[in-house]
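A.B. asks: Shown below is the structure under consideration.
The values are calculated or read from the model by the stated rules, or taken from the named source; none is laboratory data. Everything quoted here is computed from the prediction, not taken from an experiment. Cβ placement follows ideal geometry from the backbone for every residue including glycine, while neighbour counts extend to all protein chains displayed.
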Amino acid sequence: QKLAKDLNGIVAFSRDGTCLLVPKNKLTDNEAILVWLVAYYIGRELGLVGGDSLSKEELQTKLGKSGKITSTRLGELVKDELVAKTADDCFKITTFGVIQTQKDVIPKIRSKMTV
């Protein structure tokens, strides 16, 4: 519940799915990926989205970056154990990733939004 509250103003949920409310140019690629994956994690917990993982292609579309950049960023996040690759080649946030996003990434994003 606290995580959902923390994401208020950063992420919105609708019938169409999850929407990032922060302009892409205010986020690093890694921050954006972590927020997307946390949003899907929460969305699944709240019954708003079907699953808590996204394919590389879905994340690439959401980031608006090339496949190479998306793959590199995902590789970094998997190496740091913030994101895990699933059996069906999708990516989901780890428990550690949720904690780090809540502790470090969300406050950073909030501070960028007030600038």
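A.B. asks: Could you please give the count of residues in the range 42-84 that are of a type in the set (A, V, I, L, M, F, W, C) and over 18 Å from Q102 (Cα atoms)? Can you show your working first?
C.D. replies: Restricting attention to the range 42-84, the residues satisfying the condition of being of a type in the set (A, V, I, L, M, F, W, C) are 42, 46, 48-49, 54, 59, 63, 69, 74, 77-78, 82-84.
Add one more test, that the residue is over 18 Å from Q102 (Cα atoms), and what stays is 48-49, 54, 59, 63, 69, 74.
Summing the residues that are of a type in the set (A, V, I, L, M, F, W, C) and over 18 Å from Q102 (Cα atoms) in the range 42-84 gives 7.
A.B. asks: Same structure, new question: Name, by its number, the condition in (1) of a type outside the set (K, R); (2) more than 21 Å from Q100 (Cβ to Cβ); (3) at pLDDT 90 or above that does not hold for A39.
C.D. replies: So A39 meets the others, but not (2).
A.B. asks: A further question on this structure: Can you name the residue in the range 6-31 that is within 15 Å of G64 (Cβ to Cβ) and in contact (Cβ under 8 Å) with a residue 12 or more places away in the chain and, of all such residues, is farthest from the chain's Cα centre (by Cα)?
C.D. replies: K26
A.B. asks: Is it true that T101 is under 19 Å from C19 (Cα atoms), of a type in the set (V, I, T) and out of contact with any Lys or Arg (no Cβ under 6 Å at 6 or more places or on another chain)?
C.D. replies: yes
A.B. asks: Hey, another quick one. Of the residues K85, K108, K56, K62, only one is modelled with pLDDT under 95 and more than 11 Å from the chain's Cα centre (by Cα); which?
C.D. replies: Result: K108 is the single residue among K85, K108, K56, K62 that is modelled with pLDDT under 95 and more than 11 Å from the chain's Cα centre (by Cα).
A.B. asks: Could you name every one of the helices (runs of 4 or more DSSP H) located completely within the range 3-115 that has at least 1 residues being among the hydroxyl-bearing types (S, T, Y) and surrounded by 13 or more Cβ atoms within 10 Å (Cβ to Cβ)?
C.D. replies: 29-45, 67-79
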